[in-house]
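Okay, so here's the structure we're looking at.
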Amino acid sequence: MRIELNINSRKVCADIDPDMTLQKFLREKKYYSVKCGCETSNCGACSVLLDGKPVLSCSVLAVRAQGYRIETLEGLKEEAEEIGAFIADEGADQCGFCNPGFMIAAIALFREDPEPSDEKIRIYLSGNLCRCSGYEGQMRGLIKYRDQRRTA
Amino acid sequence: MKELKTVNKPVRKKDAMQLLTGQPVYTDDLIKEPCLIIKLLRSPHANAIVKEIHTEKALALEGIEAVFTYKDIDQDQERYTIAGTSFPEFAPYDRLIIDRHVRYVGDVVAIVVGKDEKTVGKAMKLIDVEYEVLDAVLDFRQALDNKTIVHPESNWKLPVDTGADVKRNLLAKESSSMGDIDEVLKKCRYVVDRTYHTKATQQCHMEPFTTFCEIDPYGRLHITSSTQIVFHIRHIVANALHIPKSMIRVSKPRVGGGFGAKQTAVSEVYAAFVCYRLKKACKLVFTRKECFTASSPRHEMQMHVRIGADENGIIKGIDLHTLSNTGAYGEHGPTTVGLSGHKSIPLYGKQEAYRFTGEVVYTNHMSSGAYRGFGATQGLFAVESAVNELASLMNTDPIELRLKNIVKEGEIMPAYFNEPLTSCTLDKCLIRAGEMIGWKEKGQRRILDNGKIRSLGVAIAMQGSGISAVDVGSATLKLNEGGFYSLIVGSADMGTGSDTTLSQVAAEVLDCDLDHIQVFSADTDISPYDSGSYASSTAYVTGKAVERCAMKLREKIIKAGAKTLECDPEKCEFDGNTVFCEDKAVSLIDIAYTSMVFNNEALEVSVSNSSPTSPPPFMAGTCELETDPETGECKVIEYAGVVDCGTPLNPNLTRIQTEGGIMQGIGMALSEDISYGVKGNVIENSFMEYKIPTRMDVGKISVEFEPSYEDLGPFGAKSIGEVVINTTAPAIQEAVYQACGKRFYELPIKAEDIALAKDREEK
Ligand code: FES
Ligand code: FES
């Protein structure tokens with residue numbers, strides 16, 4: 001079937017099978033920041049924004065994403081660089097495979113709440129698994145990012 | 001010593017911003033279209049012979065390119081191993097690409113190739129397989145001399161004698177000892193005698209096993225894969241396909257985590273086989289379920305420990321017997337078992353006798369492989385838990401008991417191949433880990449006002465730095481136009497940041513900014529030989545190669561400068577930018593130019609490095625646990641880890657490595673379970689069932705370093721990657737005991753076990 005999606009403010013049209021997930025579609029269209037870490041909606045590596053809200057693209061049908069603003073990390077470079085710099089300064093990027101999904105969630109969090117508590121950060125990002133970092137470095141980076149914004 | 005400018009500084013990883021902005025840098029982001037999709041049809045039986053397999057319907061499907069079965073593989077040809085190891089290979093040659101005899105639930109029955117995932121998925125369902133189902137060995141304690149022989153075939157082969165007796169399902173055995181352990185233990189006032197069990201925990205690298213293959217412009221097979229071992233992959237694929245090694249090129253892009261899993265050719269051989277047969281580009285990406293059920297997890301082990309101390313609290317001897325489950329294939333079985341003894345027993349330096357014996361058996365489980373810690377993790381869980389129990393038995397503080405007994409710098413370690421301990425601050429690590437958790441102030445057990453129990457536990461650990469007299473690390477450095485350097489290595493940065501730390505070593509020696517070192521890893525056509533990134537070898541073995549290589553290049557630069565200046569090189573100096581000779585000077589940029597015009601001397605150096613010894617890094621870990629006595633739920637409040645990795649090459653990265661290792665250890669101790677259904681299938685086959693810690697489960701992780709200086713390492717460095725997973729399970733086991741009064745001898749320790757244990761006690 002024919003769909004028309006709004007991806008990073010660009011119109012993308014395609015003929016697809018109705019059962020195609022948004023994740024498969026985005027990767028097929030070479031939005032490679034969208035990763036696949038599982039097939040059970042557990043890892044968060046496939047996160048994208050739908051109208052600004054983080055969702056698991058592996059659990060959304062491409063068809064259902066019509067009419068929403070879809071944002072992948074490719075379209076969020078500036079924010080990713082701004083927050084990412086703080087993660088990089090902790091060395092917490094590590095293998096990087098979870099990073100795009102994690103960054104999507106972090107961007108959404110700070111848009112929603114510019115001054116989240118430590119606990120809120122932890123809860124908001126709890127669906128983003130990371131096997132390398134032990135999470136502490138990611139937390140340190142986000143806390144420093146939050147605190148410097150407060151003083152800036 | 002000269003003050004360090006780049007080494008030991010917390011610089012950013014060179015690839016950090018690329019990773020954090022989601023750039024396409026992993027294998028599956030780099031495939032070229034058109035690309036065929038490969039999927040593997042797997043056995044539902046733990047032990048069976050494929051009687052017949054019908055592929056006609058699948059092949060008739062539009063878009064299906066090929067279906068390969070055992071009929072496409074000569075069943076009598078020489079077998080091969082998928083273990084990445086150096087020569088001599090201790091791994092048995094026990095695999096065929098498709099074996100008519102399937103040996104675990106998940107073993108490959110057919111390789112299906114087609115234009116897209118959906119078509120291939122459909123085709124898989126159209127394949128009919130008739131099996132002759134055989135009895136299976138599903139308990140490794142009953143593997144030895146079982147009437148079912150896992151490898152009855154006549155072309156099973158062992159390149160090196162491991163003491164195997166394949167008709168008994170025995171893959172390897174080993175033993176080492178000093179003195180008369182039975183006699184020594186008999187005389188001990190206190191003896192703990194226990195049996196421990198650890199399971200086949202999963203690495204859970206977030207990037208699944210992924211391989212892309214294509215035929216290059218010269219007609220060669222080019223494999224791009226998420227691997228830790230490009231050179232071993234070349235060797236393995238050549239053996240599996242029976243083609244010359246010269247026909248194979250292996251490249252590794254960014255790797256999304258490995259933790260040892262990618263030290264085995266889990267996915268590569270299938271993709272290489274398809275590509276070489278069809279001469280078409282293709283890729284194989286494992287599903288997460290396949291990563292859980294047909295991969296290369298930690299070896300399940302059962303360890304029987306006897307440990308004894310005299311009336312003064314001196315540990316006189318340790319006797320350890322390990323039984324290890326290699327699963328259906330041998331891979332790293334013969335090499336992991338030894339570490340359970342060689343990296344636990346040597347921690348205690350006052351022993352009069354010790355004995356280590358180990359046996360590795362075949363079963364019909366998924367085969368095991370390398371996972372961070374590589375046997376040491378299992379052995380240390382057993383030995384350290386036993387030491388904690390010994391302390392209880394003696395009514396002594398477990399930190400004090402250890403301080404009295406641990407090995408010290410300058411001593412010889414009999415249970416560690418008699419290697420001398422050249423650098424060690426374990427005593428300081430232990431004291432500091434105690435301080436950080438508030439050991440003395442808090443006491444090992446206290447009850448909070450809300451009825452919950454806070455308890456403390458401790459453990460220590462060691463690992464190695466590369467494999468003594470085996471591992472080879474190499475580096476090539478060249479000076480380029482503009483005065484920057486290329487550093488080319490064959491080790492694999494799998495997220496550890498080794499590309500960056502190795503660059504730091506080069507920058508330090510060459511007196512330049514880190515930005516002036518451009519690093520490349522790893523490709524068999526380009527990189528100098530490296531055994532690969534495993535066995536905690538990269539920082540120490542390859543790091544030293546980089547240091548020596550950079551020193552040589554320095555000399556060459558000085559010589560080239562001296563030639564331009566027409567001076568004696570002995571009188572020249574190089575400050576990173578300029579070569580000086582008295583009042584004359586020539587810049588590095590000019591030297592680089594000179595090397596590009598009428599020049600017969602390449603400003604390029606390659607160096608290989610091996611180490612006769614494997615200096616151990618050390619760690620002490622303490623934890624504070626909160627247990628709800630009603631539900632058994634226990635949470636890690638804080639874990640404090642203090643590490644001696646020699647000089648931390650990059651304190652940010654060594655810290656994150658430690659935090660990550662502790663987190664994986666918490667999973668192993670409390671939530672990551674592997675169990676099998678009656679047919680031998682792994683139950684925990686997704687992140688739904690196999691529970692790795694989320695950020696809500698790890699509590700606070702505090703990490704510090706107590707640097708020693710290892711002369712053989714680059715700028716005093718030892719390894720970091722593996723030792724950091726080893727203290728967590730035994731420290732938590734002790735804290736659980738302090739909380740609930742019961743000792744658990746099997747991992748993971750789950751809330752329900754704690755709650756039930758209490759109920760049973762009350763009855
Ligand atoms: S891929 Fe794991 S949650 Fe979507
Ligand atoms: S950085 Fe590797 S999974 Fe998070």
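Each value in this text was obtained by applying a stated rule to the coordinates, not by laboratory testing. Small disclaimer: the values here were computed from a predicted structure and weren't measured. Cβ placement follows ideal geometry from the backbone for every residue including glycine, while neighbour counts extend to all protein chains displayed.
A few notes on this one:
- Placing +1 on each Lys and Arg Cβ and -1 on each Asp and Glu Cβ, with no other charges, gives the protein assembly as shown a dipole about its Cα centre of roughly 1200 debye.
- Taking other C-beta atoms within 10 Å as the exposure proxy, B:471, B:182 rank B:182, B:471 from fewest upward.
- Shape category assigned to the range A:76-151 from the gyration tensor of Cα positions, a/c cut at 1.5: rounded
- Amide hydrogen neighbours beyond the local backbone of residue B:188, cut-off 5 Å, H modeled: none
- With θ taken as phi - 60° and the Karplus curve 6.51 cos²θ - 1.76 cosθ + 1.60 applied, the whole-hertz 3J(HN,Hα) list for the range B:104-109 is 7, 5, x, 4, 7, 10 Hz, x standing for glycine and proline.
- Relative contact order (%) - the range A:2-73, alpha-carbon pairs under 8 angstrom, separation at least six: 40 percent
- Percent of beta bridges antiparallel (DSSP, chain B, rounded to nearest 5): 80 percent
- Net charge dipole size for the range B:612-695 [Lys, Arg +1 and Asp, Glu -1 on Cβ; Debye, nearest 20]: 400 debye
- Beta bridges assigned by DSSP with both partners in the range A:2-73 are antiparallel in approximately 85 percent of cases.
- Those GluC sites (Glu not before Pro) in the range B:1-94 that DSSP places in a loop and that have at most 11 other beta carbons within 10 Å: B:3, B:62
- Percent RCO, i.e. relative contact order, over chain A, from Cα pairs under 8 Å lying at least 6 residues apart: 24 percent
- Beta bridges per DSSP with both ends in the protein assembly as shown, % antiparallel, nearest 5: 80 percent
- Selection among B:185, B:209, B:98 by position relative to the dipole of chain B gives B:98 as farthest towards the positive end (Cβ unit charges, Cα centre).
- The overall shape of the protein assembly as shown, judged from the alpha-carbon gyration tensor, is rounded, with an a/c ratio under 1.5.
- Ratio of Rg to Rh for the range A:111-152: 0.98 [Cα atoms; Kirkwood radius as inverse mean 1/r over pairs].
- C-alpha center-to-center spacing [the range A:108-152, the range B:1-61] in angstrom: 29 Å
- 3J(HN,Hα) along the range B:596-603, derived from phi through the Karplus expression 6.51 cos²θ - 1.76 cosθ + 1.60 where θ = phi - 60°, amounts to 9, 10, 6, 10, 10, 10, 5, 8 Hz, with x in place of Gly and Pro.
- Computed from backbone phi with θ = phi - 60° and the Karplus coefficients 6.51, -1.76 and 1.60, the 3J(HN,Hα) list for the range B:91-101 is 7, x, 8, 10, 10, 10, 4, 10, 9, 5, 8 Hz; x is used for glycine and proline.
- Oblate is the label for chain B, because the ratio a/c of its alpha-carbon gyration tensor axes (a ≥ b ≥ c) is 1.5 or higher and a/b is not greater than b/c.
- Structure-based [θ]222 nm, the protein assembly as shown - -39500 (n - 2.57) summed over DSSP H runs of at least 4, per residue, nearest 500: -8500 deg cm²/dmol
- Between residue B:449 and residue B:608, the simple spin-label model (points 7 angstrom out along Cα→Cβ) gives 6.8 nm.
- Ranking of B:191, B:150 by neighbouring Cβ atoms within 10 Å, starting from the fewest: B:191, B:150.
- Contact order normalised by residue count of chain B, Cα under 8 Å, 6+ apart, percent: 15 percent
- Farthest positive-ward along the protein assembly as shown dipole, Cα basis, beta-carbon charges - from A:72, B:61, B:422: B:61
- Only Lys, Arg, Asp and Glu carry charge here, each on its Cβ (+1 for the first two, -1 for the last two); on that basis chain B has a dipole of about 920 debye about its Cα centre.
- Evaluated at q = 0.10, 0.15, 0.19, 0.21 Å⁻¹, a Debye calculation over the C-alpha positions of the range B:447-562 (equal weights, vacuum) places log10 I(q)/I(0) at -0.38, -0.66, -0.95, -1.11.
- Remark on residue B:348: its backbone amide H falls under 5 Å from those of B:407, a criterion applied only to residues 5 or more positions apart or on other chains, H modelled at 1.01 Å from N.
- Here the residues B:498, A:41, ranked from fewest to most Cβ neighbours within 10 Å of their Cβ, fall in the order A:41, B:498.
- Taking amide H as placed 1.01 Å from N in the peptide plane, the amide H of residue B:717 sits under 5 Å from that of B:647, B:710, each at least 5 places away or on another chain.
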